[in-house]
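What follows is one structure encoded as structure tokens, with my remarks underneath.
A short reminder: the numbers here are calculations on the coordinates, not readings from a lab. Here the structure is a predicted model, which means the values were calculated and not measured. Cβ atoms come from the backbone with ideal geometry, glycine included; neighbour counts cover every protein chain shown.
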Amino acid sequence: MPRPVNVEVTRRGDEPIERMLKRFIKKCKKEKIIEEYKARRYYVKPSEKRRIKKRRRAKIARELQAEREKQTN
């Protein structure tokens with residue numbers, strides 16, 4: 001089970017709120033909080049998780065292969 005994550009952002013001097021919010025969002029993405037929330041919205045069987053993971057790996061491999069071919073041409 002993943003460890004609980006408490007993302008905290010404090011204001012640096014007279015930093016604008018927009019920049020502070022941007023840092024908060026960046027931290028949330030780094031900790032994959034949103035992705036985990038979306039994944040837990042409904043139950044996914046372990047076999048389906050494996051299938052999704054396999055498809056994702058295959059897609060990344062295809063993209064990397066296409067990039068390599070593009071660089072050699």
Principal-axis tilt of helix 17-31 within the chain, Cα atoms, nearest 10 degrees: 40 degrees
Loop-located GluC sites (Glu not before Pro) in the chain, at most 15 other Cβ atoms within 10 Å (DSSP): GLU8
Linear extension gain, GLN71 paired with ASP14, 0.36 nm per residue minus alpha-carbon span: 16.0 nm
For segment 63-73, Karplus couplings with θ = phi - 60° (6.51, -1.76, 1.60), whole Hz, Gly/Pro x: 5, 5, 5, 5, 5, 5, 5, 5, 6, 6, 7
Cα-based Rg / Dmax (Å) for the chain: 18.6, 51
Unit charges on C-beta of K, R, D, E only; dipole of the chain, Debye: 540 debye
Cβ-based charge dipole, the chain, positive-most Cα from PRO4, ALA61, PRO16: ALA61
Structure-based [θ]222 nm, the chain - -39500 (n - 2.57) summed over DSSP H runs of at least 4, per residue, nearest 500: -22500 deg cm²/dmol
19 Å Cα-Cα reach of LYS53 towards lysines, excluding residues that sit fewer than 8 places from it in its own chain: LYS32, LYS38, LYS45
